[in-house]
Amino acid sequence: MSNPAPVVVANIKSNQTWEESQDWINTVGNRAKDFKGTIIYCPSYPFLSGAKQLIDAKAFSIKLGAQDISKFNGGAYTGAVAASQIKDLVEYAIIGHSERRKHFGETNENVFKKVELALENNITPILCISDISQLGEYLKKGELLKENWDKIIFVFEPPSAISGGGEFKPDDPEDANKNAGEITSKIGKNVTTIYGGSINDSNVKSFFSQNNIHGGLVGQASVKPDSFLKLIENATI
Ligand code: PEP
């Protein structure tokens, strides 16, 4: 049976213009009114403020998230966006995505710091974990994740499963479930754990019906509102 109230994160990456972003919010906001889960929309930074105004004005049940935050909490850091600057706009931030590691030199130290800053600013980290050994590295750094287990969404997202906008190449749902379960047992609490990597409307059910998987981080299939709507429709039937 599917989880009746999954958490579904739309990671829009560097896609969508402001026009397309407004269309996404209006289309999904109007047509997903009966969805029982949580939709977290993560557009690019410049659109966060307008997106919040639109969501609030229409009273849509869409939550907002950033795709990253700075490892600094503000100050002389050209080009960086600090958690302290967006804490009134977003409730969530994706942290430690493997594309940030691959293309922007993100390290475990940066990720750990970002989780700390997000929490300090009342932003829920959507913490991407590529494999269980990476979680082990975070756990060696201190008690932060264990102490804040109920304020973090943990994502099991193997980089090999990310579509990158190309072919869908999802992990095996049972393997993903096993790894999600490992996250839970390493944290030692009943954490929210979602899966990411090539989820689409055809395979969503096979992931969301797993007992340790409480939702998904969706890239490519989230960019177009119709494709995202089909995905969430298939997620719970
Ligand atoms: C992602 O990059 O977080 C992701 C899940 O992408 P995709 O769905 O395109 O594999």
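The values are calculated or read from the model by the stated rules, or taken from the named source; none is laboratory data. Everything numeric in this text was worked out from a predicted model, so none of it was measured. Cβ coordinates were reconstructed from backbone atoms using ideal geometry, including for glycine residues, and neighbour counts include every protein chain displayed. Quick note on the areas: whole protein, heavy atoms, side chains included, nothing else; ligands and nucleic acids left out. Shrake-Rupley method; radii C 1.70, N 1.55, O 1.52, S 1.80 Å.
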Report task. Could you figure out which of (1) open to solvent by 40 Å² or more (accessible area, probe 1.4 Å); (2) within 16 Å of the ligand (Cβ to nearest atom); (3) not polar (S, T, N, Q) isn't true of Ala80? Result -> (2)
Query raised in the report: Taking region 178-223 only, how many residues are assigned to a helix (DSSP H, G or I), without any contact (Cβ under 8 Å) to a residue 40 or more places away in the chain and surrounded by fewer than 20 Cβ atoms within 10 Å (Cβ to Cβ)?
Result: 5
Query raised in the report: Only one residue in Ile39, Ile25, Ile94, Ile69 is touching a residue at least 12 places away in the same chain (Cβ under 8 Å) and part of a helix (DSSP H, G or I), so which one is that?
Result: Ile25
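Yes or no, residue by residue, for (1) within 16 Å of the ligand (Cβ to nearest atom); (2) touching a strand residue (DSSP E or B) at 6+ places or on another chain (Cβ under 9 Å):
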| position | (1), (2) |
| --- | --- |
| Ala93 | yes, yes |
| Thr107 | no, no |
| Leu119 | no, yes |
| Ile123 | no, yes |
| Ser130 | yes, yes |
| Ser133 | no, no |
| Glu137 | no, no |
| Asn148 | no, yes |
| Ile153 | yes, yes |
Report task. Just give me the residues in region 97-148 being assigned to a loop (DSSP other than H, G, I, E, B), within 14 Å of Asn73 (Cβ to Cβ) and without any contact (Cβ under 8 Å) to a residue 40 or more places away in the chain, in sequence order. Result -> Asn122
Report summary line: Within region 78-91, restricting to residues that are within 18 Å of the chain's Cα centre (by Cα) and part of a helix (DSSP H, G or I), the one that is farthest from Pro125 (Cα to Cα) is Ile86
Query raised in the report: Which of the following residues is more than 10 Å from the ligand (Cβ to nearest atom) and without any contact (Cβ under 8 Å) to a residue 12 or more places away in the chain: Asp172, Asp226?
Result: Asp172
